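Student: This is the structure, below, for whatever I ask next.
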Amino acid sequence: MPSISLHGLRVIFANILAIYRRELQSYFTAPFYYVIAGVFWLLSGLFFLVVMTTIISQVAQQDLLQQQFGAPSQAVDVPKLILESFLGLLGSISQVILPMLSMGLYTEERKRGTLELLATSPITNWCVATGKLLAVLTFYTTLLLPVIVYQFVALQQSTPPLSPWLILAGNGGLILLAAAVLSLGMFLSSLTDSTILAAILGFAVLLILWVLDVLAKNTGGNLSDILTYLSPLEHFTNLTRGIFRTSSLVVFGSYIFLGIFLTAQSIDAFRYQRN
Amino acid sequence: MKRFALGSREQLTMVLLWAAPLFIIAGLSAGIVTHRWNWLPLGLLALGGIALLLWLIQQSRVSTGFWGRRSTQTSTNAILTVMAVIALLGIVNFLADRYSVEVDLTENRAFTLAAETRDVLQNLDQPVRVLVFDANAASRDRLLLEQYRRQANNQFSFEFIDPQEQPTLAKKYNVTQAGQVIVVAGEKTQRIDEALSESNLTPALIRVTSDRTIRAYFTTGHNELPLTGGAASLSEVAKLLEQRDVELLPLNLLEKGKIPEDANVVVVAGPRQPFLRLEQDLLKEYLNRGGSLLLMLDVDVNAGLDDLLKNWGLTLDNRWVIDGSGVGQQVGLGSDTIIVTTYGNHPITQRFAQGPSVFPRAQAIRIDPVKDDDIVEIALSGSQTWAETDWQSGNLEFTEGVDTKGPLPIGVAITRQLSDNPPKEARLVVFGDSEFATDGVIAYQGINSDLFVNSVLWLGDRDQKALSIRPRETTNRRLQLNVTTSRWLEIISVFLLPLVGFGSAVFVWWRRR
């Protein structure tokens, strides 16, 4: 490993940037990713309208009842309720999209035999993994951006307007969750040269995360504490509610780091296998 | 080039390598989760062990001298590295959880604990455990409990328990339905039956950790307000007091001939007949030895306590306070009922902000301060009120020079230092009305009950820990989109954006061809 010097760092960044640009370019030239974008936007748009109209009309009905019969009034924060429900659904939509984004990250390279070109040293393994992850995360964020914009437009129409921090925290949580899932998915795609298998493994990871969340809620004692802490979904839900914890950042960061690390390890092992 | 196909030797070893830890982890978790080490977790562990063994055998069959080869060294190295990294991440996360900083982004600080709760938690002097008997732990409950745990110095813990899984524990605490919460400190327990919130958890904590109950004696024999009954009784506030671990006891001064030694506070709630000489002396003597007395005295009743009040620098005004602002009429109250929103700076009222309390047919209290007494006007009528001299005639008009203009004190709290060493003080709270604490008036949803309950708690509990915490109010907000905005939102979100996606897909595909 080269000693960490300014020059070394510059080389590392240059490597990451090169990979990042190459990967990002491939997203914008493949019709497949545009289809994914279309599906994502259609689903999120539909869900947004449905969630918004349902909640608004339900609350309006309740208000009407209260006016007519003097039924007990309940304080409802409509824009916040819409935000929480919508972000929950957006998380579910993303769970379908994310394995599709991560499945091709390494399988294509393995299939085409270009991985040997990339995997030349442990340090480049890290650079490649980081660059690829950054690129796919950029793509996902691009998908999310217009959705964030119309959340702002709609939810800030209330009086007083919904705090922008709530919208930012919730969507930021979604991006962090996506980064963690993509990072683990990237590792899985580095294990096999079958894209389908990588996608299936990616879904399996999401299933495990979901089971982790359910287990965390259903077990008691210290184990429940640990599982709750480890469950990225739990941290995401907290962020959508408006609770920002530094430990959430560390948990997401750990998953991202673990994914990159395991990818680098797996490519390293692959290299030895080939030699 | 290799394709993924089961059966190829290398793929098999790969599968074994990944299956082994998977089974071991599954077995361990199953055992930990069920607390039972029966066939399932042990079987899983055995499977994991077998997979690991097979992998080693397979590896050694691939080539003799397996252990000496470089690839073995690197893969064992790799496994060790992975384990080391995971352990490292574990430590980092342990520390991150320990020293996590939380920012509450909600507008009404919905996830921030009240100052009282933080005080209580920081002063916990014994371990407290909260047992939530619910198989399906609501994450809101967990959030709340986590916040409590973070504020307490290692003295607070909680656990979610499935009552069906641990029936003996459920039976021990007499849990009958899911969702019940038991707060345990040493031998004492407190039960919460409603949905868990800060406004019931903190009082439960205080009750379970405070080593004594407050004994409040209510005088009888002068037609005072009863503790049970309908609208004209104190049954609602009595219930609230009992929830705060206050024991309510009747006290007939003539029968007893003395005020019991264990009395923490004596309450005189709206007497209709005068106290006799002997009774007056008992009350005076009680105050002089450092007692706490709550007097609620109505207009036009001779309670025979004027002498005692004079001793404390107080005189009853004996006129109705009339509200000329018309605010009360808007909510269906007469002008003989005043709405108080101004409170003095006092432990009883410190968290009230400007919450309304309702006083029907109250009288003001005139104050002629006695030296060194600490006198606080805890409840003040508004500036558009006056004391009506001519109240009995029903002609409720303000007459300049005759009637006294507000603001007028309706409630007064006095602390008198009796001796410095040992510190000893007497406490007296006087309200110019008794009706404000009755069920009928409390129904107006003001903070009347808090005013009464906090008064009794302040008088009886010299530790001043058990003051009332009001439930947090949720932001009440509606979303009204105008037609143009919502039309545009619809068009962009479900039509234009997807169209851009699919359209570009077709375009790129077409260009590629």
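The values are calculated or read from the model by the stated rules, or taken from the named source; none is laboratory data. Just so it is clear, the model here is predicted, and its values are computed rather than measured. Cβ placement follows ideal geometry from the backbone for every residue including glycine, while neighbour counts extend to all protein chains displayed. With ligands, DNA and RNA removed, areas are computed over all heavy atoms of the protein, side chains included. Shrake-Rupley method; radii C 1.70, N 1.55, O 1.52, S 1.80 Å.
Student: Test residue B:232 against the stated conditions and say whether it is open to solvent by 60 Å² or more (accessible area, probe 1.4 Å) and in the same structural domain as residue B:453 (by the TED database).
Tutor: Yes, satisfied.
Student: Which of the residues spanning segment B:336-368 are open to solvent by 30 Å² or more (accessible area, probe 1.4 Å), more than 17 Å from residue B:438 (Cα to Cα) and assigned to a strand (DSSP E or B)?
Tutor: Result: B:342, B:343, B:366, B:367.
Student: So residue B:433 fits all but one of (1) open to solvent by 10 Å² or more (accessible area, probe 1.4 Å); (2) assigned to a loop (DSSP other than H, G, I, E, B); what number is the exception?
Tutor: The number of the failed condition is (1).
Student: Do any helices (runs of 4 or more DSSP H) lying entirely in segment A:115-230 carry at least 3 residues that are within 23 Å of the chain's Cα centre (by Cα), and which ones are they?
Tutor: A:122-155, A:164-189, A:195-218, A:221-230
Student: Residue B:169 - would you say it is outside the structural domain of residue B:204 (by the TED database) and open to solvent by 30 Å² or more (accessible area, probe 1.4 Å)?
Tutor: Against the criterion (outside the structural domain of residue B:204 (by the TED database) and open to solvent by 30 Å² or more (accessible area, probe 1.4 Å)), residue B:169 does not qualify.
Student: Considering only residues that are facing another protein chain (nearest Cβ under 7 Å), open to solvent by 30 Å² or more (accessible area, probe 1.4 Å) and in contact (Cβ under 8 Å) with a residue 12 or more places away in the chain, which ones fall in segment A:230-256?
Tutor: A:237, A:244
Student: What number of residues within segment B:76-116 satisfy the criterion of being touching a Ser or Thr at 6+ places or on another chain (Cβ under 6 Å) and among the aliphatic types (A, V, I, L, M)?
Tutor: Residues meeting the conditions: 3.
Student: Being part of a helix (DSSP H, G or I), in the same structural domain as residue B:333 (by the TED database) and over 20 Å from residue B:293 (Cα atoms) is true for just one of B:401, B:440, B:446, B:382. Which residue is that? Show your work before the answer.
Tutor: On the way: B:401 fails: part of a helix (DSSP H, G or I); B:446 fails: part of a helix (DSSP H, G or I); B:382 fails: part of a helix (DSSP H, G or I).
Every option except B:440 fails the conditions.
Student: Does residue B:150 fit the bill of being at pLDDT below 85, under 19 Å from residue A:234 (Cα atoms) and at the interface with chain A (Cβ under 9 Å from one of its Cβ atoms)?
Tutor: When the stated conditions are applied, residue B:150 does not pass them.
Student: Restricting attention to segment B:305-317, does a residue exist that is assigned to a loop (DSSP other than H, G, I, E, B) and over 25 Å from residue B:373 (Cα atoms)?
Tutor: No, segment B:305-317 contains no residue that is assigned to a loop (DSSP other than H, G, I, E, B) and over 25 Å from residue B:373 (Cα atoms).
Student: Now for a separate question. Any residue at all in segment B:84-100 that's within 11 Å of chain A (Cβ to nearest Cβ), small (Gly, Ala, Ser) and more than 16 Å from residue A:246 (Cα to Cα)?
Tutor: Yes, there is a match, as at least one residue in segment B:84-100 is within 11 Å of chain A (Cβ to nearest Cβ), small (Gly, Ala, Ser) and more than 16 Å from residue A:246 (Cα to Cα).
Student: Separate question: Filter segment B:101-116 down to the residues that are farther than 27 Å from residue B:210 by Cβ and in contact with a helix residue (DSSP H, G or I) (Cβ under 6 Å, 6 or more places away or on another chain), then identify the one that is surrounded by the fewest Cβ atoms within 10 Å (Cβ to Cβ).
Tutor: Looking at the filtered set, the residue picked out is B:101.
Student: Scan segment A:145-186 residue by residue and report those that are out of contact with any Ser or Thr (no Cβ under 6 Å at 6 or more places or on another chain), within 9 Å of another protein chain (Cβ to nearest Cβ) and open to solvent by less than 10 Å² (accessible area, probe 1.4 Å).
Tutor: Hits for segment A:145-186 are A:154, A:155, A:158, A:162, A:166.
Student: Mind counting the residues in segment B:170-183 that are under 17 Å from residue B:157 (Cβ atoms) and modelled with pLDDT under 85?
Tutor: Matching residues across segment B:170-183 total 1.
Student: I've got another one for you. Here is a check on your reading of the model: is residue B:82 modelled with pLDDT of 70 or more and within 30 Å of residue A:169 (Cβ to Cβ)? Steps first, please.
Tutor: Working: modelled with pLDDT of 70 or more: yes; within 30 Å of residue A:169 (Cβ to Cβ): no.
In short, no.
Student: Here is a follow-up. Check B:239, B:256 and return the single one that is open to solvent by 80 Å² or more (accessible area, probe 1.4 Å) and either over 24 Å from residue B:305 (Cα atoms) or among the hydroxyl-bearing types (Ser, Thr, Tyr) (or both).
Tutor: Testing whether each residue is open to solvent by 80 Å² or more (accessible area, probe 1.4 Å) and either over 24 Å from residue B:305 (Cα atoms) or among the hydroxyl-bearing types (Ser, Thr, Tyr) (or both) leaves just B:239.
Student: Tell me, yes or no, whether segment A:47-61 has at least one residue that is among the hydroxyl-bearing types (Ser, Thr, Tyr) and facing chain B (nearest Cβ under 8 Å).
Tutor: First pass over segment A:47-61, keeping only residues among the hydroxyl-bearing types (Ser, Thr, Tyr): A:53-54, A:57.
Of the ones still in play, those that are also facing chain B (nearest Cβ under 8 Å) are none.
Checked segment A:47-61: no residue is among the hydroxyl-bearing types (Ser, Thr, Tyr) and facing chain B (nearest Cβ under 8 Å).
Student: Could you grab me the full set of residues in segment A:188-208 that are hydrophobic (A, V, I, L, M, F, W, C) and either open to solvent by 20 Å² or more (accessible area, probe 1.4 Å) or within 11 Å of chain B (Cβ to nearest Cβ) (or both)?
Tutor: Within segment A:188-208, A:188, A:191, A:196, A:197, A:198, A:200, A:201, A:203, A:204, A:205, A:207, A:208 meet the criteria.
Student: Next up: Tell me, yes or no, whether segment A:89-106 has at least one residue that is within 11 Å of chain B (Cβ to nearest Cβ) and assigned to a helix (DSSP H, G or I).
Tutor: No, there is no match, as no residue in segment A:89-106 is within 11 Å of chain B (Cβ to nearest Cβ) and assigned to a helix (DSSP H, G or I).
Student: Return the only residue of B:119, B:141 being open to solvent by 60 Å² or more (accessible area, probe 1.4 Å), under 14 Å from the mean Cα position of the chain (by Cα), at pLDDT 80 or above and not hydroxyl-bearing (Ser, Thr, Tyr).
Tutor: The conditions single out B:119.
Student: If only one of B:142, B:207 is basic (Lys, Arg) and in contact with a helix residue (DSSP H, G or I) (Cβ under 7 Å, 6 or more places away or on another chain), which one is it?
Tutor: From the options B:142, B:207, the qualifying one is B:142.
Student: Does segment A:4-46 hold any residues that are open to solvent by 30 Å² or more (accessible area, probe 1.4 Å), over 30 Å from residue B:485 (Cβ atoms) and within 7 Å of another protein chain (Cβ to nearest Cβ), and which are they?
Tutor: A:29
Student: Just checking, which of B:126, B:147 is open to solvent by less than 80 Å² (accessible area, probe 1.4 Å), of a type outside the set (Ser, Thr, Tyr), touching a strand residue (DSSP E or B) at 6+ places or on another chain (Cβ under 7 Å) and not assigned by the TED database to the domain that holds residue B:244?
Tutor: Going through B:126, B:147 in turn, just one is open to solvent by less than 80 Å² (accessible area, probe 1.4 Å), of a type outside the set (Ser, Thr, Tyr), touching a strand residue (DSSP E or B) at 6+ places or on another chain (Cβ under 7 Å) and not assigned by the TED database to the domain that holds residue B:244: B:126.
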